[in-house]
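Here the structure is laid out as C-alpha cells; the discussion comes afterwards.
Any read-out appearing in this document is the output of simple, stated calculations on the displayed coordinates, not a laboratory observation. Quick caveat, the model's predicted, so the values are computed rather than measured. Cβ coordinates were reconstructed from backbone atoms using ideal geometry, including for glycine residues, and neighbour counts include every protein chain displayed.
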Amino acid sequence: MSKDYYNILGVNKGASKDEIKKAFYKLAQKYHPDKKGGNEAKFKEANEAYQVLSDDAKRSKYDQFGSSFENFQGGNAGGYQQGGFGGFDFSGFQNGGNADFDFGNLNDIFSDFFTGGMGGAQNQNRRGRDISTEIQISFIDSILGITKKISITKTSKCNVCSGTGAKPGTTMQKCKTCNGQGHIREVRRTILGNISSTKICDYCTGTGEVPKEFCGNCKGLGVLHRAEEISIAVPSGIHNGEMMKMVGAGEAIKNGKSGDLLIKINVKIPSKISKRAKELLEELKKEGI
C-alpha cells in the first residue's frame, strides 16, 4: 500500500522545502531512539518521508505514482514508458503484481552500481546557500574606498551553541542511529538487483555525535534565522555595478561549510562632476583600476 508521506510529516502537498525540513526535524527530535519515550519505527518512517519529499526528482515521481511499485503498473507497465524508459519491458519484474522494486533515481542507481555502493558518501561536502545583496556608496567613496556595515537576515550559526546544537556546558554522545559512524548503509531493490549504498546519517549530519541536551536557542539545529551585522571592505577604485564576493558570509548549515555572500556595488554618481573628479577617473582607468 502506498504511504502518505505528506501526512506522515504533517504537511500539506504544497509545502515548501523549508516547511518539510522543519516538520522532519520536529518529528526527529520527538521520536529519536536516543530520547526517552522515542519511537524508532516512527523515526524511520519520518526519515523515509523526508528523503523523498526533500528531493525534487523523487518528490515529483512520488506525487505522480505514490510510494509503492503497484502505482507504476497501472495495469500495464507501458503506462510508465512515457516517463523516460523508452521501450523497456517491466513485465518480467512484476511477479504477479507482488514485486516491490525501488526505481529511485536512475543516475543514483548506476552510480552505486559502478562505485561499489559508495555514491551516497559523495554528498558529505555539505554547503550552505549563497546569497546576494546590494549596497550604495558615494562617488568619493568609490575612489577612496570605504568599509560599510550592513545588517542581513539569513540562516546563521546559533550564537549560543556556536553551531553545535548542544546546550552550553553539556557534552556530546555517540549517535545511536548510525552507531557513531556518521553514515548509514542501506540496500535497495532495483531493476539491476540489490544495490547497497552509503548515505549521511540525517540525525547527526555525518559527525557520528549528537548532543546529550539540545540548545534551547536553536532547538538542536545548530542554525537559526536571524539578523547579522557584516562589515564590507569596499576597495578604492571600484566601478558602478561591480560585484564583490565574501567567502563564507552566506547562509550557514549545521556541520557544513557556509555559502558565500555576493554584493553588487552601486555608485551614486552626481550629475555634475568636478574637474578634479574627472581627472581622478582618467587616472584610475590608465592604471587599470
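For His183, the residues whose modelled amide H falls within less than 5 Å of its own, excluding neighbours fewer than 5 places apart on the same chain, are Cys201. Between Thr153 and Leu224, the simple spin-label model (points 7 angstrom out along Cα→Cβ) gives 1.5 nm.
Test of understanding: ordering Tyr50, Tyr5 by Cβ neighbours within 10 Å, fewest first, what list do you get? Numbers along the way, then the final one.
Values: Tyr50 21, Tyr5 24.
Lowest to highest Cβ neighbour count: Tyr50, Tyr5.
Go ahead and run the numbers for FRET between Ser132 and Asp55, Cβ-Cβ distance against an R0 of 35 Å, rounding to 0.05. Numbers along the way, then the final one.
Working: r = 25 Å, r/R0 = 0.72.
E between Ser132 and Asp55, to the nearest 0.05, is 0.90.
Taking θ as phi - 60° and the Karplus parameters 6.51, -1.76 and 1.60, the scalar couplings of the range 246-256 work out to 10, 5, x, 9, x, 7, 8, 9, 4, 6, x Hz in sequence order, x denoting glycine and proline.
Label-to-label distance for Thr171 and Asn240 is 6.2 nm, based on points extended 7 Å past Cα in the beta-carbon direction.
Amide H contacts of Cys175: Gly180, Glu209, Val210, each under 5 Å away and 5 or more positions distant or on a separate chain (H built 1.01 Å from N in the peptide plane; Pro and chain starts excluded).
With a Förster radius of 30 Å applied to the C-beta separation of Leu284 and Lys21, the computed FRET efficiency comes to 0.05. By the beta-carbon count within 10 Å of each Cβ, the least crowded to most crowded order of Leu221, Leu144, Leu53, fewest first, is Leu144, Leu221, Leu53. Taking Cβ atoms as reference points and 13 Å as the exclusive limit, the residues near Ser236 contribute a net charge of -4, counting Lys and Arg as +1 and Asp and Glu as -1.
Residues whose amide H lies under 5 Å from that of Arg126, counting only those 5 or more places away or on a different chain, are Lys257; hydrogens are built 1.01 Å from N in the peptide plane.
For the range 206-220, 3J(HN,Hα) computed residue by residue from phi via the Karplus equation (6.51, -1.76, 1.60; θ = phi - 60°) reads x, 8, x, 10, 9, x, 5, 9, 6, 5, x, 7, 10, 6, x Hz, glycine and proline entered as x.
What is the fewest-to-most order of Lys157, Lys26 by other Cβ atoms lying within 10 Å of their Cβ? Provide the component values of the computation, followed by the final result.
On the way: Lys157 20, Lys26 14.
By the 10 Å Cβ count, ascending: Lys26, Lys157.
Phi-derived couplings, Karplus 6.51 cos²θ - 1.76 cosθ + 1.60 at θ = phi - 60°, listed residue by residue for the range 139-151: 4, 5, 5, 5, 7, 8, x, 7, 10, 10, 9, 10, 10 Hz, with x used for Gly and Pro.
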